[in-house]
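Have a look at the structure below, then the notes.
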Amino acid sequence: MQQFRMMNDRLAKARERFGALDIDALLVTQAENRRYLSGFTGSAGALLIARDRAVVATDSRYWEQAQKQAPAFELVQIKTRLEDHFAEMLQRAGQPQRIGFESASVTVDQFTSWSKVESLDVEWLATKDAVEPVRAVKDEAELDAIRKAVALTDAGFDYLCTVIKPGMTEREVAWELEVYLRTHGADALAFETILASGPNGAMAHYRSGDRVIRPGEPIVMDFGARVEGYCADLTRTVCLGRADARYDEVYGVVRRAQRAAIDGIRAGMKGVEADAIARDVIISASYGENFGHGLGHGVGLAIHEAPRASRVAGEELLPAGATLTIEPGVYLAGWGGVRLEDLTVVRENGVEVLSHAHKHPVI
């Protein structure tokens, strides 16, 4: 019953956006949006959400699963192609005529096929971010799952600090972490682990390779567990043994930048303003050209989702209840990089920091 009420509440919030989108129904094909609005976790299917009715269409592989997971929805079984069942879906949904679709997740070929269904008296309207602003604000059930994922990710970092040693390869360390997370409750990794040692750390989205880890060099570790479908995201930078003066300096700059952002960000702030809090610290330390990515992003069913804090976030506001990573970094080609990342929840009077893994620069 609680699950049914939660899904009805999410549907109501999605329907509130129909007026602004100038539609009377929404076809949902994006995987995380489909799961968020229906509870259905199958890998194939579509939702048709009208103003007072909702339909989920999927094939025989997921029929029983959809019946159990999406009790608020009427079901249509796909036996051929999705578009072959549009007429039945529309009939079940009350014959809406102005139907929005998620332009970011629909290919040209798919839309062309849909448009050729001559028997339909509908107008297809491309929508952008139809569901994502609703997903951005997390409910308590979502935050509970995220907290579990974060706690497991923190524990994974603590474990990693006990096993990582000079002479191991990046790939070996990443595998140790994956085994720990999966054997301690993770559904999966939230994303492919970044384990970047020495000069590889200058590449912000490097992936683990066969480089041997050496003492005295920066090691950037960016990873997360997925629990109950929800992601965590954590980055720590460490050095094994004695560090040099450059490492101490760069680590200190990144640490101050992150602290300033954690102390200064609050609900209602523009994403570009949040980014500037940390960026100004890094610029003042003469490393502005070495911080090329945005300060942070939302985390939930997807590892990157709304809202965003970056130089290009424009007028986008950070809503209360949204998750946000705070992850400034400095990257120096040929030397390496330093990034620190915590996952937070944006509140009216600041941010709630969910990540509690230690930030010792040397282990």
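Remarks
- One residue stands out among those in the range 244-266 that are of a type outside the set (Val, Ile, Thr) and crowded, with 18+ Cβ neighbours inside 10 Å: the one that is farthest from Pro328 (Cα to Cα), which is Tyr247.
- If the condition is being modelled with pLDDT of 95 or more and out of contact with any Leu (no Cβ under 8 Å at 6 or more places or on another chain), then the range 221-244 contributes Glu228, Val238, Cys239, Leu240.
- Inter-residue pairs, beta-carbon under 9 Å, first on the phi > 0 side of the Ramachandran plot and touching a residue at least 40 places away in the same chain (Cβ under 8 Å) and in the range 198-223, second part of a loop (DSSP other than H, G, I, E, B) and of a type in the set (D, E, K, R), 6+ apart: Gly198/Arg211; Gly198/Arg214; Gly198/Glu217
- Single residue of Ala313, Ala306 found to be out of contact with any Leu (no Cβ under 7 Å at 6 or more places or on another chain), buried (at least 17 other Cβ atoms within 10 Å of the Cβ), assigned to a strand (DSSP E or B) and aliphatic (A, V, I, L, M): Ala306
- Residue-level check: of (1) assigned by TED's automatic domain parsing to the domain that holds Ala225; (2) over 18 Å from Ala357 (Cβ atoms); (3) assigned to a loop (DSSP other than H, G, I, E, B), Ser119 misses just (1).
- Residues in the range 9-20 that are touching a residue at least 12 places away in the same chain (Cβ under 8 Å) and over 24 Å from the mean Cα position of the chain (by Cα): Phe18 alone.
- Candidate set from the range 77-98 (those that are surrounded by 13 or more Cβ atoms within 10 Å (Cβ to Cβ) and among the charged types (D, E, K, R)); member that is farthest from Arg51 (Cα to Cα): Glu83
- Restricting attention to the range 97-109, the residues that are touching a residue at least 24 places away in the same chain (Cβ under 8 Å) and under 32 Å from the mean Cα position of the chain (by Cα) add up to 9.
- Considering residues of the range 99-109 that are crowded, with 16+ Cβ neighbours inside 10 Å and of a type in the set (Val, Ile, Thr) only, the residue nearest to Ala46 (Cα to Cα): Val106
- Check on Ile326, of a type outside the set (Ser, Thr, Tyr), in contact with a Gly (Cβ under 6 Å, 6 or more places away or on another chain) and at pLDDT 95 or above: yes
- Asp52 meets the stated requirement of being closer than 13 Å to Ala93 by Cα, assigned by TED's automatic domain parsing to the domain that holds Leu125 and not aliphatic (A, V, I, L, M).
- Here Pro319 clears all of (1) farther than 23 Å from Ala285 by Cβ; (2) part of a strand (DSSP E or B) except the condition numbered (2).
- Residue list for the range 66-76, filter: touching a residue at least 40 places away in the same chain (Cβ under 8 Å) and surrounded by fewer than 17 Cβ atoms within 10 Å (Cβ to Cβ): Pro71
- Checked against the criterion of being polar (S, T, N, Q), in contact (Cβ under 8 Å) with a residue 40 or more places away in the chain and more than 17 Å from Asp233 (Cβ to Cβ), the range 330-347 has no qualifying residue.
- Taken over the range 275-298, residues that are surrounded by fewer than 22 Cβ atoms within 10 Å (Cβ to Cβ) and either outside the structural domain of Pro319 (by TED's automatic domain parsing) or within 21 Å of the chain's Cα centre (by Cα) (or both) amount to 3.
- Residue in the range 67-75 that is assigned to a strand (DSSP E or B) and either out of contact with any strand residue (DSSP E or B) (no Cβ under 8 Å at 6 or more places or on another chain) or not polar (S, T, N, Q) (or both) present: yes
- One residue stands out in the range 151-193 among those that are among the β-branched types (Val, Ile, Thr) and touching a residue at least 40 places away in the same chain (Cβ under 8 Å): the one that is surrounded by the most Cβ atoms within 10 Å (Cβ to Cβ), namely Thr153.
- Number of positions in the range 333-356 that are touching a Gly at 6+ places or on another chain (Cβ under 9 Å), surrounded by 22 or more Cβ atoms within 10 Å (Cβ to Cβ) and not in a strand (DSSP E or B): 1
The values are calculated or read from the model by the stated rules, or taken from the named source; none is laboratory data. If you're wondering where the values come from, they're calculated on a predicted model, not measured in any experiment. So basically every Cβ, Gly included, is an ideal-geometry build from the backbone, and we count neighbours across all protein chains shown.
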